[in-house]
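Okay, structure first, notes after.
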Amino acid sequence: MSRQTKTFLMQRFREVGIQPATRHGQNFLIDLNLQQLIVDSAHLSSQDVVLEVGTGTGALTALMAQRAGAVVTVEIDGHLFELASELLLDFENVTMLKQDALKNKNNFDPRVMDAIGTELAKEPGRRLKLVANLPYNIATPVLSNLLSSEHLPHTMVATIQKELADRIVAAPWSKDYGALSAWLQCQADTEVVRVMAPTVFWPAPKVESAIVRIVVATERRARVPDLCYFHKFVKTLFIHRRKYLRANVVAAMKGFLSKQEVDQELAKMDFQPDTRTEQLDVSTLLRLTELFRARVPEWTLR
């Protein structure tokens, strides 16, 4: 099996006359130890169906296929799809899709979900895991949307921009804490496995990257009465994260509640006048969301 090093990639790309496409965020991981760390961090077994977004040349796919029950891998670039097809030809448990993984910024393409569903249904007890070297430009919607999809992942392990990794694991009051932090942490354990220098990729990106591991905590997720409402409400509150909480809630509830009515609800949680959205932990955001969901259940329908 070929080893994805810088020398190998440069030679292979010259042979077929192509260059990495910046519009697709193509930065190939050339550190073999880190490729192995990604796979090891996912703790793959024969009961796992892996979703990989960004097949690349298929190097990571091949490593995962040796451990997982099945791999569904998605590649938008036709040239890379052909390269990976050669490498993965002998892996009968790999399903390759040549397309965009996302239908739009809020949803996966149905064909991706159908392929995952087919593999999950083949054996009882199978579970979904996302394992991928994600293109920076789609990392947020991929990680965020998979938690709202019809096939809930057990684990997500991905290489992403370090700035995004910092947001995922951020705590209240920190500069990186926001809606994405709350959305992921309300239903999963999040951690940064490793920070990576630009030099471990070819071409080298201009920023640091990180491997993150996100493991869904089923009981914690079940304590969120309405995930859709919570997701939208928190995203709205954090549009202006440095503003006072009251101003953000008043703006969110415009057309549904007056300022006085908002104040009545906020008084139930004893917030101070100078409370800011960025200081609220996940449990407080959940209580706040439920307060307004009880008062304005139709809010997400506008």
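Observations on the structure shown:
- Pairs with Cβ under 8 Å, 6+ apart, first in region 1-23 and charged (D, E, K, R), second at pLDDT 75 or above: Arg3/Leu32; Arg3/Ala59; Lys6/Ile30; Lys6/Trp202; Arg12/Thr57; Arg12/Leu83
- Of all residues in region 186-224 being out of contact with any helix residue (DSSP H, G or I) (no Cβ under 6 Å at 6 or more places or on another chain) and of a type in the set (Lys, Arg), the one that is modelled with the lowest pLDDT: Lys206
Condition check ((1) at negative phi; (2) loosely packed, with under 14 Cβ neighbours inside 10 Å; (3) under 28 Å from the mean Cα position of the chain (by Cα); (4) among the small types (Gly, Ala, Ser)) across all residues:
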position	(1), (2), (3), (4)
Pro225	yes, yes, yes, no
Tyr229	yes, no, yes, no
Leu237	yes, no, yes, no
Leu257	yes, no, no, no
Leu266	yes, no, no, no
Ser283	yes, yes, yes, yes
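- Residue list for region 242-298, restricted to those being β-branched (Val, Ile, Thr) and in contact (Cβ under 8 Å) with a residue 24 or more places away in the chain: Val249, Thr275, Thr277, Val282, Thr289, Val296
- Close Cβ contacts (under 6 Å, 6 or more residues apart or on different chains) running from residues in region 86-108 that are surrounded by 13 or more Cβ atoms within 10 Å (Cβ to Cβ) to residues that are in a loop (DSSP other than H, G, I, E, B) comprise Leu87/Gly58; Leu88/Gly58; Val94/Leu88; Asp100/Ile76; Lys103/Asp109; Phe108/Ser149.
- Of all residues in region 267-288, those satisfying the criterion of being under 18 Å from Met253 (Cβ atoms) and assigned to a loop (DSSP other than H, G, I, E, B) are Lys268, Met269, Phe271, Pro273, Thr275, Leu280.
- Residues that are at pLDDT 75 or above and either farther than 23 Å from Lys98 by Cβ or surrounded by fewer than 12 Cβ atoms within 10 Å (Cβ to Cβ) (or both) within region 16-38 comprise Ile30, Asp31, Leu32, Asn33, Leu34, Gln36, Leu37, listed in sequence order.
- Flag if Glu82 is among the charged types (D, E, K, R) and buried (at least 20 other Cβ atoms within 10 Å of the Cβ): no
- Filtering region 252-302 to residues that are over 21 Å from Ser181 (Cβ atoms) and of a type in the set (D, E, K, R) leaves Lys254, Lys259, Glu261, Asp263, Glu265, Lys268, Asp270, Asp274, Arg295, Glu298, Arg302.
- When we screen Val71, Val142 for residues that are touching a residue at least 24 places away in the same chain (Cβ under 8 Å) and either within 16 Å of Val39 (Cβ to Cβ) or among the small types (Gly, Ala, Ser) (or both), the only hit is Val71.
- Inter-residue pairs, beta-carbon under 7 Å, first at pLDDT below 95 and in region 156-178, second not hydroxyl-bearing (Ser, Thr, Tyr), 6+ apart: Trp173/Glu278; Trp173/Gln279
The values are calculated or read from the model by the stated rules, or taken from the named source; none is laboratory data. Just so you know, these numbers come straight off a predicted model, no measurement behind them. Reconstructed Cβ throughout: ideal geometry from the backbone, glycine too, with neighbour counts over all protein chains shown.
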